[in-house]
Amino acid sequence: MKLYLDDERVTPEGWTRAYTPEQAIAYLDTGLVDTISLDHDLGLEPEERNGYMVASYLEEKAYTDPDYKIPETLLVHSANPAGVANIQKAFASIKRALSRR
């Protein structure tokens, strides 16, 4: 499954949409997501409910749960430069953790 977390953009054809970090995490927990693309700013309160929350969740799982299926492809499509940088740092950390498995 390809998972697309965003609050405003049109969902690309062939992707499953999540509007909130909680929805995205629920999809991830099924183990069926092989590709994820994250937006950072989701217009939610509190402001910490954003795409970085999902990236951080995956990062924690990569280090603490060897049986957790991390998506093979990790993408970010946010227009927020700081948010993109934070998500990309989390993705780099995930890749380091996976290389140690």
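The values are calculated or read from the model by the stated rules, or taken from the named source; none is laboratory data. What you see is a predicted model; the values in this text were computed from it and never measured. With ideal geometry, Cβ positions are generated from the backbone for all residues, glycine too; neighbour counts draw on all protein chains shown. Protein only, heavy atoms only, side chains kept; ligands, DNA and RNA dropped before computing areas. Shrake-Rupley method; radii C 1.70, N 1.55, O 1.52, S 1.80 Å.
Tabulated data
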{"quantity": "Test for L98: is it open to solvent by less than 70 Å² (accessible area, probe 1.4 Å) and within 23 Å of E8 (Cα to Cα)", "calculated": "no"}
{"quantity": "Residues that are more than 20 Å from M1 (Cβ to Cβ) and exposed (fewer than 14 other Cβ atoms within 10 Å of the Cβ), drawn from region 64-84", "calculated": "T64, P66, A79, P81, A82"}
{"quantity": "Residue selected from region 2-47 under the condition open to solvent by 70 Å² or more (accessible area, probe 1.4 Å) and of a type in the set (A, V, I, L, M), by the criterion farthest from L58 (Cα to Cα)", "calculated": "V10"}
{"quantity": "Residues of region 8-66 that turn out to be farther than 24 Å from A85 by Cβ and either part of a loop (DSSP other than H, G, I, E, B) or in contact (Cβ under 8 Å) with a residue 40 or more places away in the chain (or both), as a count", "calculated": "11"}
